[in-house]
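See structure below.
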Amino acid sequence: MKDIRKVVIPVAGWGTRSLPATKNIPKEMLPIYNKPVIQYVVEEAQRANIQDVIFVTNRDKSVIEDHFDYNLQLESVLQRAGKLDKLEEVRRVAEMVNVMSVRQKKQLGLGHAVMCARDLIRDDPFAIMVGDDLMFGGVPGIGQLIEVAMAEKLPVVGVMEVPWEKVSKYGIIDGEEVAPGVFRVKDMVEKPAREDAPSRLAIVGRYVLTPDIFDYLDKVKPGKGGEIQLTDAMQSLAHDKGMMAVRMSGMRFDAGDWAEFLTANIYFALQDEDLRYELLGMLKNFVQFN
Ligand code: UTP
C-alpha cells in the first residue's frame with residue numbers, strides 16, 4: 001500500500017446536539033481549553049506525518065480553513081506588542097498542514113461527505129478523521145491505523161469497546177482477533193439493537209481506506225433522512241476485499257456530547273501547570289457545595 005499522505009476531515013454537519021452554541025459557530029471551532037476542537041484533530045494527523053488535509057465543509061464553515069491560514073494583521077499586532085510567544089503560536093498553526101477544501105452542499109451523512117472528496121483523493125489510499133472526535137494517547141490515533149494498513153495492505157477502521165447500552169449509537173464490528181487489539185473484520189452493522197450487536201467494538205471516527213470505497217459508496221442506498229452511511233459501503237468492501245480493525249489505545253472524547261466535551265476541557269486545562277492548582281481548588285470547592 002502507498003504511503004498515506006491525505007486525510008479527509010468532514011466538518012459539514014449541523015451540530016444540532018450542540019445548539020445553541022453552534023448556531024453561528026461550527027462545532028469543530030468550539031474550544032477545548034485554549035484550542036478549537038479541529039486543531040487537536042489536525043495535530044493528530046500531523047503527528048502521523050499526514051501533510052495534506054481535505055476539509056469537507058459547508059457555506060458557514062470557512063472559519064475552519066481560516067484557522068489554518070496566516071492572519072497577517074493579527075501577526076503584526078502581536079509583533080508590535082512584543083507578544084512573540086503568541087506570534088509564534090499563531091504562525092505555527094498556519095504552517096501545520098496544506099489545506100484543501102470541498103463543499104458538501106447538502107448534509108446527507110458521513111458517507112456522502114466522504115464522497116465529496118473523491119476528485120481530490122483520486123487513486124491513493126487515504127485517511128478519514130471525523131472532525132469532532134478527539135483521540136489522545138501515546139501513538140497518534142490515526143497512526144495506529146496506518147501502521148496496520150501498511151503491514152496488512154488492507155483498509156483499517158478504528159474501534160473502541162463501548163458499554164452494551166451504547167452499542168445502538170455506533171457502527172459495530174464482528175471480528176476475529178488475529179493479534180492483540182488487531183481484528184480481521186467479518187461483518188459490521190450500523191447502530192444495532194443491543195440484542196443484535198455482534199460485539200461491543202464500536203467504530204470510532206478514524207479510518208484508513210482505499211479509493212475503491214467510492215465505488216461502494218456510489219451503490220449505497222440512502223437511509224433515514226436521505227443519509228448515506230459510510231458503514232454500509234465499508235461493509236461491502238470488507239466482504240469483497242477484506243478489512244482490518246484496530247482497538248485504539250488512548251482516550252477518546254466526542255466533542256458533540258456535552259459531558260465528554262466538558263470533561264475534555266477539564267482534562268486539558270489540568271495539563272497546564274499554571275492553571276492546574278487554581279482549577280483543582282475551584283473544582284474541589286464546587287463539588288463540596290453541590
Ligand atoms: P455528527 O453526526 O457527529 O455531526 O457527524 P453533526 O451532524 O454535525 O452533529 P449532530 O448530530 O447534529 O449534533 C460527525 C462528523 O461528520 C460531519 C460533522 O461535521 C462531524 O464533524 N458530517 C456529518 C458531515 O461533514 N456531513 C454530514 O452530512 C454529516
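The values are calculated or read from the model by the stated rules, or taken from the named source; none is laboratory data. Keep in mind that this is a model prediction, so the values were computed, not measured. Don't worry about glycine lacking a Cβ; one is built from the backbone with ideal geometry, like all the others, and counts go over all protein chains shown. Side chains are part of the model used for accessible areas, which takes the heavy atoms of the whole protein and leaves out ligands, DNA and RNA. Shrake-Rupley method; radii C 1.70, N 1.55, O 1.52, S 1.80 Å.
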**Message:** Looking at Ile32 and the list (1) more than 9 Å from the ligand (Cβ to nearest atom); (2) open to solvent by 10 Å² or more (accessible area, probe 1.4 Å); (3) over 24 Å from Val156 (Cβ atoms), which single condition is not satisfied?
**Reply:** (2)
**Message:** Checking the structure you have, find out if any residue of segment 56-71 is within 19 Å of Gly205 (Cα to Cα) and surrounded by fewer than 20 Cβ atoms within 10 Å (Cβ to Cβ).
**Reply:** no
**Request:** May I ask you to list the residues in segment 141-155 that are assigned to a loop (DSSP other than H, G, I, E, B) and either within 16 Å of the ligand (Cβ to nearest atom) or open to solvent by 20 Å² or more (accessible area, probe 1.4 Å) (or both)?
**Result:** Lys153, Leu154
**Message:** Looking only at segment 218-230, count every residue that is surrounded by fewer than 22 Cβ atoms within 10 Å (Cβ to Cβ) and part of a helix (DSSP H, G or I) and tell me the total.
**Reply:** 5
**Prompt:** Out of all the residues in segment 91-105, which are in contact with an Asp or Glu (Cβ under 9 Å, 6 or more places away or on another chain) and within 15 Å of Arg118 (Cα to Cα)?
**Reply:** Met100, Ser101, Val102
**Complete:** Counting only residues that are surrounded by fewer than 24 Cβ atoms within 10 Å (Cβ to Cβ), of a type in the set (Val, Ile, Thr) and under 22 Å from Leu201 (Cα atoms), segment 104-129 contains a total of 0
**Fill in**
Apart from one, (1) within 16 Å of the ligand (Cβ to nearest atom); (2) without any contact (Cβ under 8 Å) to a residue 12 or more places away in the chain all hold for Lys61; the odd one out is (2)
**Prompt:** Only one of (1) open to solvent by less than 50 Å² (accessible area, probe 1.4 Å); (2) touching a residue at least 60 places away in the same chain (Cβ under 8 Å); (3) touching a helix residue (DSSP H, G or I) at 6+ places or on another chain (Cβ under 9 Å) fails for Val162. Which number is that?
**Reply:** (2)
**Message:** Being surrounded by 15 or more Cβ atoms within 10 Å (Cβ to Cβ) and either over 30 Å from Leu237 (Cβ atoms) or more than 10 Å from the ligand (Cβ to nearest atom) (or both) narrows it down to one residue among Ala81, Ala94; which is it?
**Reply:** Ala94
